[in-house]
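> Structure provided below as structure tokens; questions to follow.
The values are calculated or read from the model by the stated rules, or taken from the named source; none is laboratory data. None of these values were measured; they are calculated from a predicted model. Cβ placement follows ideal geometry from the backbone for every residue including glycine, while neighbour counts extend to all protein chains displayed.
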Amino acid sequence: MKDLRRRMMNALGSKELFEQAKNYSYHYMDNVQERDVFPDMEALEGLKIFDTPLNKEPLGSDRILSLLHEYGSPATVAQTGRRYFGFVNGGAVPAAVGAKWLSDVWDQNAGLYVISPISSKLESVSEKWLKELFGFDESTCIGLVGGTSTATLCGLAAGRYQLLKNAGWDVNMDGLAGAPKIRVVIGEHAHSTVYKALSLLGFGKNQLEYVPVDDNGAMLADSLPELDERTLLILQAGNVNSGAFDPFEEICDKAKKSGAWVHVDGAFGLWARAAKSTFDLTIGVEKADSWSVDAHKTLNAPYDCGIVLCKHPDSLIKSMQMSGDYIILSEERDGMLYTPEMSRRGRGIELWATMAALGSDGIDKMVTSLCENASLLGELLSENGFEICNDIVFNQVLIRYKDNETTLKILKSVQESGVLWCGGSKWKGDDVIRVSVCSWMTTPEDIALVAEEFKRAKQIFCK
Ligand SMILES: *Cc1c(COP(=O)(O)O)cnc(C)c1O
């Protein structure tokens with residue numbers, strides 16, 4: 001070990017490996033716009049170089065970094081470029097990438113104040129800023145997790161804990177078997193991760209009560225079943241396909257009267273609340289009890305940065321119950337109280353940096369421009385004879401041409417062009433092309449290029 005330690009100390013001392021990493025990073029940043037958005041065949045083939053048994057002797061850091069640069073980098077997806085429209089993946093605000101870089105060197109464990117005062121401080125500040133940005137109650141607390149999947153799990157766990165507690169049942173002590181029955185009411189277009197969270201919490205798909213949705217995939221308030229104080233109601237800010245928002249005001253008013261717990265999956269759509277142009281989509285969402293949202297989507301924080309917000313800190317903390325003789329709680333924020341994890345990286349550092357770098361004005365402008373670019377794409381494609389299948393209320397565009405077969409051919413051709421990348425989905429049983437405008441970098445000129453590319457692909461298949 002003495003030898004190995006000496007080598008590692010030398011690596012830390014000379015900084016050569018960090019210079020090398022910096023040079024490769026700069027090279028990536030400078031070229032990400034020029035390369036294909038999705039890696040080409042050669043790049044994918046190149047990944048085979050990593051299929052080796054674990055080496056017995058230590059591998060030099062120079063070799064490790066050059067392997068990543070030569071074979072790893074070409075096989076990345078150019079998500080930080082201007083024309084990546086897949087899933088709902090945001091770009092990354094430069095100041096936040098820099099902050100993440102620096103904090104990687106710090107390698108903080110954000111579990112407790114005593115493990116990382118700086119992480120604790122920036123989580124506290126982020127909590128305050130988010131509350132202001134979203135206009136949520138003063139009591140609202142946050143937990144920082146990997147993404148909305150986990151944030152939803154936390155919000156629903158808090159709701160399950162509290163509803164059972166109200167019914168005189170302590171789920172932490174007595175478990176689920178024999179507990180009073182909790183109903184789950186959910187929209188027909190809920191995201192798949194909500195079902196995952198529910199199943200982890202002991203609710204199966206066959207037990208749920210489904211509420212039908214309108215033409216754009218928003219819940220029909222009129223079709224809501226009778227709610228009561230044993231109901232978990234799950235709403236959505238941003239349908240993953242169409243971008244539609246549930247009618248929060250009407251539904252939340254009913255829910256509050258009944259004593260139900262309302263959770264909102266706002267993975268990318270909750271940010272609509274931070275822009276004047278889209279705020280109205282979210283009226284009434286503040287009446288919910290808990291929310292999940294991703295900073296790594298619409299806010300353009302680096303991956304991975306999910307947030308659970310809960311109006312009732314006690315419910316969240318109790319549901320994430322944490323104890324142990326060696327746990328040292330402080331007067332300051334102890335992040336592990338609000339999440340399922342104990343040790344955690346300091347993602348509050350980049351969350352804070354992203355919000356500070358944009359400012360509330362910048363967040364407003366960025367969200368607005370994502371939506372404007374989505375509308376522009378819809379217009380340009382309509383003019384070119386494409387069918388736009390959704391009402392573009394936010395940043396999502398669903399596109400179709402003629403039939404399923406032609407639509408899928410156009411999708412494949414567009415994906416292989418390297419000019420842009422987007423995915424496909426199903427909408428009302430049909431195949432659609434799904435574009436999510438989610439990067440701060442995308443300009444109206446990029447949107448024009450994208451529209452041209454769609455036109456080109458269409459012409460190949462439809463003479
Ligand atoms: C992306 C998304 C999720 C899942 O979020 P992750 O950050 O990938 O865990 C959940 N719901 C909706 C509506 C989404 O768009």
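> Touching a residue at least 24 places away in the same chain (Cβ under 8 Å) and either of a type in the set (Gly, Ala, Ser) or buried (at least 17 other Cβ atoms within 10 Å of the Cβ) (or both), is that true of Asn109? Break it down stepwise before answering.
On the way: touching a residue at least 24 places away in the same chain (Cβ under 8 Å): yes; either of a type in the set (Gly, Ala, Ser) or buried (at least 17 other Cβ atoms within 10 Å of the Cβ) (or both): no.
When the stated conditions are applied, Asn109 does not pass them.
> For the range 184-219, name all the residues that are touching a strand residue (DSSP E or B) at 6+ places or on another chain (Cβ under 6 Å), among the aliphatic types (A, V, I, L, M) and away from the ligand (no atom under 14 Å from the Cβ).
Passing the criteria: Val184, Val185, Leu208, Val211.
> Please verify whether Lys22 is exposed (fewer than 12 other Cβ atoms within 10 Å of the Cβ) and of a type outside the set (Ser, Thr, Tyr), treating the condition exactly as stated.
On the way: exposed (fewer than 12 other Cβ atoms within 10 Å of the Cβ): no; of a type outside the set (Ser, Thr, Tyr): yes.
So Lys22 fails the test.
> Among (1) of a type outside the set (Asp, Glu); (2) farther than 27 Å from Val114 by Cα; (3) within 21 Å of the chain's Cα centre (by Cα); (4) not in a strand (DSSP E or B), there is one condition Val262 misses while meeting the rest; what is its number?
Answer for Val262: the failing condition is (4).
> Let me ask something additional. Restricting attention to the range 112-129, does a residue exist that is away from the ligand (no atom under 16 Å from the Cβ), assigned to a helix (DSSP H, G or I) and closer than 17 Å to Ser315 by Cβ? Working first, answer last.
Filtering the range 112-129 for residues away from the ligand (no atom under 16 Å from the Cβ) gives 112-129.
With assigned to a helix (DSSP H, G or I) added as a condition, the list becomes 117-129.
This time we only want the ones that are closer than 17 Å to Ser315 by Cβ, so: 127.
There is at least one residue in the range 112-129 that is away from the ligand (no atom under 16 Å from the Cβ), assigned to a helix (DSSP H, G or I) and closer than 17 Å to Ser315 by Cβ.
> Could you list all residues from the range 221-260 that are over 13 Å from Val285 (Cα atoms) and either within 11 Å of the ligand (Cβ to nearest atom) or touching an Asp or Glu at 6+ places or on another chain (Cβ under 8 Å) (or both)?
Correct list: Ala221, Pro225, Asn239, Val240, Asn241, Ser242, Gly243, Ala244, Ser258, Gly259, Ala260.
> At negative phi and in contact with an Asp or Glu (Cβ under 8 Å, 6 or more places away or on another chain): does that describe Ala267?
Details: at negative phi: yes; in contact with an Asp or Glu (Cβ under 8 Å, 6 or more places away or on another chain): yes.
Yes: the conditions hold for Ala267.
> Another one. Restricting the search to the range 140-175, which residues are farther than 12 Å from Lys318 by Cα, more than 16 Å from the ligand (Cβ to nearest atom), small (Gly, Ala, Ser) and touching a residue at least 40 places away in the same chain (Cβ under 8 Å)?
Result: Ala167, single match.
> Just one of the numbered conditions (1) surrounded by fewer than 16 Cβ atoms within 10 Å (Cβ to Cβ); (2) part of a loop (DSSP other than H, G, I, E, B); (3) among the charged types (D, E, K, R) is not true of Glu379; which one?
Among (1) surrounded by fewer than 16 Cβ atoms within 10 Å (Cβ to Cβ); (2) part of a loop (DSSP other than H, G, I, E, B); (3) among the charged types (D, E, K, R), the lone unmet condition for Glu379 is (2).
> Which condition does Lys276 not pass, out of (1) out of contact with any Cys (no Cβ under 6 Å at 6 or more places or on another chain); (2) touching a residue at least 12 places away in the same chain (Cβ under 8 Å); (3) closer than 23 Å to Tyr113 by Cβ, if it passes all the others?
(3)
> Within the set of pairs 6 or more residues apart or between chains, which connect a residue that is closer than 17 Å to Leu370 by Cα inside the range 289-300 to a residue that is more than 12 Å from the ligand (Cβ to nearest atom) and in a loop (DSSP other than H, G, I, E, B) with Cβ atoms less than 7 Å apart?
His296/Pro302; Asn300/Gly91; Asn300/Ala92; Asn300/Val93; Asn300/Ser439; Asn300/Trp440
> If you check Asn55, Asn89, Asn23, which single one turns out to be part of a loop (DSSP other than H, G, I, E, B) and either over 30 Å from Phe268 (Cα atoms) or more than 27 Å from the chain's Cα centre (by Cα) (or both)?
Criteria check complete, one pass: Asn55.
> If you don't mind, another one. Inspect the range 344-356 for any residue being on the phi < 0 side of the Ramachandran plot and part of a loop (DSSP other than H, G, I, E, B) and give the result as yes or no. Can you show your working first?
Of the range 344-356, the ones on the phi < 0 side of the Ramachandran plot are 344-356.
So of that shortlist, the ones also part of a loop (DSSP other than H, G, I, E, B) come out as 344, 346.
Looking through the range 344-356, at least one residue is on the phi < 0 side of the Ramachandran plot and part of a loop (DSSP other than H, G, I, E, B).
> Looking only at the range 279-337, filter to residues that are within 16 Å of the ligand (Cβ to nearest atom) and of a type in the set (S, T, N, Q); which one of those is farthest from Leu358 (Cα to Cα)?
Step one: of the range 279-337, the residues within 16 Å of the ligand (Cβ to nearest atom) are 281-282, 285, 288, 290-309.
Those left that are additionally of a type in the set (S, T, N, Q): 282, 290, 292, 298, 300.
On the way: Thr282: 21, Ser290: 25, Ser292: 21, Thr298: 12, Asn300: 10 Å.
So, considering only residues that are within 16 Å of the ligand (Cβ to nearest atom) and of a type in the set (S, T, N, Q), the one farthest from Leu358 (Cα to Cα) is Ser290.
> Looking at the range 150-157, can you tell me whether even one residue there is at pLDDT 95 or above, touching a Phe, Trp or Tyr at 6+ places or on another chain (Cβ under 7 Å) and farther than 30 Å from Leu420 by Cβ? Break it down into steps so the answer makes sense when it comes.
Initially, the range 150-157 is screened for residues at pLDDT 95 or above, giving 150-157.
Still in the running and touching a Phe, Trp or Tyr at 6+ places or on another chain (Cβ under 7 Å): 155.
Now narrow it down to the ones that are farther than 30 Å from Leu420 by Cβ: 155.
Within the range 150-157, one or more residues are at pLDDT 95 or above, touching a Phe, Trp or Tyr at 6+ places or on another chain (Cβ under 7 Å) and farther than 30 Å from Leu420 by Cβ.
> Here's something else I'd like to know. For the subset of the range 265-278 comprising residues that are in a helix (DSSP H, G or I) and touching a helix residue (DSSP H, G or I) at 6+ places or on another chain (Cβ under 6 Å), which member is nearest to Val393 (Cα to Cα)? Give the steps one after another, and end with the answer.
Narrowing the range 265-278 to residues in a helix (DSSP H, G or I): 269-274.
Now drop any that are not touching a helix residue (DSSP H, G or I) at 6+ places or on another chain (Cβ under 6 Å), which leaves 271-274.
Numbers: Trp271: 13, Ala272: 10, Arg273: 13, Ala274: 15 Å.
So the residue we want is Ala272.
> If I filter the range 428-440 down to residues being over 18 Å from the mean Cα position of the chain (by Cα) and buried (at least 18 other Cβ atoms within 10 Å of the Cβ), which single residue comes out as nearest to Thr80 (Cα to Cα)? Full working, then the answer.
First, pick out the residues of the range 428-440 that are over 18 Å from the mean Cα position of the chain (by Cα): 428-433.
Adding the requirement that they be buried (at least 18 other Cβ atoms within 10 Å of the Cβ) leaves 432-433.
Numbers: Val432: 25, Ile433: 21 Å.
Checked the range 428-440; the qualifying residue nearest to Thr80 (Cα to Cα) is Ile433.
> Would you tally the residues in the range 187-224 being within 21 Å of the chain's Cα centre (by Cα), surrounded by fewer than 19 Cβ atoms within 10 Å (Cβ to Cβ) and among the small types (Gly, Ala, Ser)?
Number of matching residues: 2.
> Tell me which residues, restricted to the range 441-455, are surrounded by 14 or more Cβ atoms within 10 Å (Cβ to Cβ) and free of Cβ contacts under 8 Å to residues at least 24 places away in the same chain.
none
> With respect to the numbered conditions (1) in contact with a His (Cβ under 9 Å, 6 or more places away or on another chain); (2) farther than 28 Å from Asn239 by Cα; (3) of a type outside the set (Ser, Thr, Tyr), which one is the sole condition not fulfilled by Gly324?
(1)
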